[in-house]
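Taken together, the values in this text are just the output of simple stated rules run on the coordinates, not laboratory data. Keep in mind it's a predicted model, so treat the numbers as computed, not measured.
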Amino acid sequence: MRIDIITIFPEMFEGPFTESIIKRAIQKGLVEIHLHNLRDYSTDKHKRVDDYAFSSGAGMVMMIEPVDNCISKLKSEREYDEVIYMSPDGELLTQPLANQMSLYNNIIILCGHYKGIDERIREHLITKEISIGNYVLSGGELGAAVLTDSLVRLIPGVLSDETSALSDSFQSGLVSPPVYTRPREYKGWSVPEVLLSGNDMIINEWKLSQAIERTKERRPEMYELLKKNNSNNL
Ligand code: SAH
């Protein structure tokens, strides 16, 4: 997968992309992430990429021309599955959406700032809008990093244990059961006996029942959906 991110703050991705799983995925050549500084595509002598909003006076808006220049250049070099704009009112990022998007080969992610971006960019250049939640961030960069992380960890070969992404929360419509590690007992707080039994069948049953209980308690709407579809024999 190749991800091209258009931003006015490329340095904000230092950290999320230079550590841990994403760093290793890049090193292994499983994903290519290219950061494009929008200012490099401004024809203005001061490299401006924003201007005052028409009429409202409600702050600065990102201009269409630099964005168009950058997207056009990228599109002239390869085909893209989607040109994504990170937006608070976009489609909410969920695990099923991440699963679906992890199959893409090439995507562009545009990060907005200030009051947002000129609506004509959304109308004519953007093919998909993604929100990471119903709250407003200062810019699209943190959202783009969240989206990228959620996609990269699903690419085959990125996680060392192939099954571990599949057993994560939301993959089967359930949240994850609790997990424990050594020591067996700490300050009198002990690990559930069943996990030490060595009986895989009983352990798996316990995990499933825990996952169902937790889903019922923490994500009742997900539980109702599961019950409706009658998966997991609820
Ligand atoms: N005025 C806009 C908010 C602009 S916030 C409004 O009220 O809808 C500035 C930028 O941050 C946006 O252009 C977008 O790229 C990003 N952003 C803010 N909240 C976000 C969210 N929940 N998900 C994804 N991107 C977000």
On a full-extension model of 0.36 nm per residue, what is the gain between His124 and Leu195, subtracting their alpha-carbon distance, rounded to one decimal in nm? 20.1 nm
Holding the Cα-Cα limit at 27 Å, pick out from Lys23/Lys115; Lys73/Lys115; Lys207/Lys227 the pairs that are longer than that. Lys23/Lys115
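If a helix is a whole DSSP H run, which ones in the chain reach 15 Å or further along their own axis (Cα) and hold a mean Kyte-Doolittle hydropathy of at least 1.0? Provide the component values of the computation, followed by the final result.
Numbers: long enough: 64-77 (20 Å, -0.39); 141-152 (16 Å, 1.21); 200-218 (26 Å, -1.01).
The qualifying helices are 141-152.
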Give the lysines reachable from Lys228 as a straight Cα distance under 18 Å; neighbours fewer than 8 places away on the same chain don't count. Lys216
Build a GNM of the chain with springs between Cα atoms under 10 Å: which of Leu151, Leu93, Leu208 gets the top mean-square fluctuation? Leu208
Calculate how many DSSP beta bridges within the chain are antiparallel, expressed in % of all such bridges and rounded to the nearest 5. 20
Please find, in a Gaussian network model of the chain (springs between Cα atoms separated by less than 10 Å), the residue of Leu147, Leu195, Leu159 whose mean-square fluctuation is greatest. Leu195
Compute a Gaussian network model of the chain, connecting alpha carbons closer than 10 Å, and tell me which residue from Asn199, Asn99, Asn69 fluctuates the most. Asn199
